[in-house]
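Remarks on the structure that follows.
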Amino acid sequence: MKMRTHNLHKLLLIKARSLSIMNVGIILGWTSPIMKELLGPDSPIPMTVDESSWFVSVIDWGLILGSLPFGVLADRWGRKPSLQIIGPMALATWVALLYVDSFQGLLAVRFTQGLLAAGAYTVLPVYAGEIAGPKIRGALGTMFQIMMYVGILYVYAAGMYLDYRRLTYAAMAGPVVFCALFATIPESPHFYVMKNRLADAKRALVWLRGDDTGSTVDDEMDAVVECICKEMRNASFTKLFTDWVSLKALIIVQGLSVFRVMAGVTALISYASITFAEMHVAVNANKLSLVFACSVLFSALPSTVLADRVGRRPLMIVSCASCFVFDTAIFAYFYVDRCTTYDVTDYGWLCVLAVGGLSVAHTLGLGSLLSTINCELFPSNTRSIANAVNTITLTVASFLALKIYPVLADDGGMYRNYLISSLFSLTSIISCLLWLPETKGKTFAAIQAQLRKTDDLV
């Protein structure tokens, strides 16, 4: 009976956590299916093409401005409450979209949704990393990216059959179910220990690990208390920038964030149709785009198993090296097609396969493990703020990549994008080999000890 209860708790934990990031995917993907309707003659909110670009990109400003406040809120108020308020607020934004009748109002709602997405991006990886045991932390971390793609595909699929208003109703399902499930999930034991609420921390660990493993819970509780007591002796926001170990971890993670974006898949997801249109294949570009989106989703599944078996560092190195190979192949195809007289028309399918290989390689490590590594490399007193900084870096890098991609691709210059991506991928291989530590199966205390090259907590 106890084991059944523990398994039920695990199921609730996974589903509630998955729905939170799936809601972000719904927010991000909602604009694509309705764009044609909004630009059409019967648009519920008329807008120009230029205005539509602001409608899509305004969410990035919410992501940038909301990250640090949510990071501070998570450390002061708690991980769970910071995530819990996102559900009803997200539901309120979808309701507001049913009544907004001006372009300015639409921008305001989308900006608010960007703030809420920033909260999920910032707090969820921290919360998930702290409540997961060392043996499954990698698997839960990879679910972050998988459920993001599930949310995007959900709204894409629904958008094929629903108009603006009906699709907005469909988007409400995520927040409603999330609010119901997340209320049953406990706060992070790490946060309770940070606030010296040890009894609450013990109860949360029993709920998470099961009450039939008392000795295991006691051992983990002792390790958490010892680790956080040491970390909190000099707890300060400035420690993130003045402590060399924290600063080194910050540099590593920000580098991985830039490499993740510049590897090419981020821009390719948004500009798949125009990219496939240049590959000389006798298949509709939109159909290829849908296949590509599915490949991105399903290629993330193996990493949920491999992250805790093979390890983070080997997967990241293989991912970066494979991205370099496929980016170089795509660059070579477009370069030969546009800058030489050689006819590559019969080899377009090779470029399509290279794009598929790039999506698999990227999702294997760069696309799926970043949130896990980001959570693991920082101590409790700077973990939320560090994740907020990382969200800002990701957003700024994505914004720049999405703006540059069509400019460089203009007038047959698509190869320029993949030359840049291949160079960034090559740099990422060197960086991972030199500086990325292995964190598989280690407690937060052991990881900090490893980073500081001490053995007192191992």
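The values are calculated or read from the model by the stated rules, or taken from the named source; none is laboratory data. Computed from a predicted structure; not experimentally measured. Cβ sites come from the backbone with ideal geometry, for glycine too, and all protein chains shown count toward neighbours. With ligands, DNA and RNA removed, areas are computed over all heavy atoms of the protein, side chains included. Shrake-Rupley method; radii C 1.70, N 1.55, O 1.52, S 1.80 Å.
Odds and ends about this structure:
- Meets criteria (open to solvent by less than 10 Å² (accessible area, probe 1.4 Å), under 24 Å from D50 (Cβ atoms) and either touching a Ser or Thr at 6+ places or on another chain (Cβ under 7 Å) or not in a helix (DSSP H, G or I) (or both)) for L97: yes
- Residue, most open to solvent (accessible area, probe 1.4 Å), within the stretch 369-386, restricted to residues that are touching an Asp or Glu at 6+ places or on another chain (Cβ under 9 Å) and among the polar types (S, T, N, Q): N381
- Test result for D343, at pLDDT 85 or above, open to solvent by 10 Å² or more (accessible area, probe 1.4 Å) and not in a helix (DSSP H, G or I): yes
Residue by residue, here is whether (1) closer than 20 Å to T439 by Cβ; (2) modelled with pLDDT of 75 or more; (3) charged (D, E, K, R) holds:
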| position | (1), (2), (3) |
| --- | --- |
| R203 | no, yes, yes |
| V206 | no, yes, no |
| E220 | yes, yes, yes |
| S236 | no, no, no |
| F241 | no, yes, no |
| F259 | yes, yes, no |
| K287 | no, no, yes |
| F292 | no, no, no |
| V296 | no, no, no |
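- A search for C-beta distances below 8 Å between a residue of the stretch 50-63 that is over 13 Å from L39 (Cα atoms) and modelled with pLDDT of 80 or more and any residue that is buried (at least 18 other Cβ atoms within 10 Å of the Cβ) and among the basic types (K, R), counting only pairs 6+ apart in sequence or on different chains, returns V58/R110; I59/R110; G62/R110.
- Matching option when the condition is of a type in the set (V, I, T), without any contact (Cβ under 8 Å) to a residue 40 or more places away in the chain, open to solvent by 10 Å² or more (accessible area, probe 1.4 Å) and not in a loop (DSSP other than H, G, I, E, B), among V360, V407, V389: V407
Per-residue answers, yes or no, for (1) farther than 23 Å from R313 by Cα; (2) of a type in the set (V, I, T); (3) out of contact with any Cys (no Cβ under 9 Å at 6 or more places or on another chain):
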residue	(1), (2), (3)
T382	no, yes, yes
T395	yes, yes, yes
L400	yes, no, yes
V407	yes, yes, yes
M414	yes, no, yes
G441	no, no, yes
Q450	no, no, yes
K453	no, no, yes
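- Qualifying residue in the stretch 442-453 (condition: surrounded by fewer than 21 Cβ atoms within 10 Å (Cβ to Cβ) and over 28 Å from M143 (Cα atoms)): yes
- Taking the stretch 106-135 as the range and being over 12 Å from I59 (Cβ atoms) and without any contact (Cβ under 8 Å) to a residue 40 or more places away in the chain as the test, only A132 passes.
- Considering only residues in the stretch 302-340 that are of a type in the set (D, E, K, R) and open to solvent by 60 Å² or more (accessible area, probe 1.4 Å), the one that is farthest from the chain's Cα centre (by Cα) turns out to be R338.
- Of the residues making up the stretch 20-37, none is open to solvent by less than 40 Å² (accessible area, probe 1.4 Å), over 22 Å from A293 (Cα atoms) and among the hydrophobic types (A, V, I, L, M, F, W, C).
- Of all the numbered requirements in (1) more than 25 Å from L366 (Cβ to Cβ); (2) touching a residue at least 12 places away in the same chain (Cβ under 8 Å); (3) aromatic (F, W, Y), F70 misses one, and that requirement is (1).
- Top-ranked residue in the stretch 162-199 [being modelled with pLDDT of 85 or more and of a type in the set (F, W, Y); ranked as surrounded by the most Cβ atoms within 10 Å (Cβ to Cβ)]: F191
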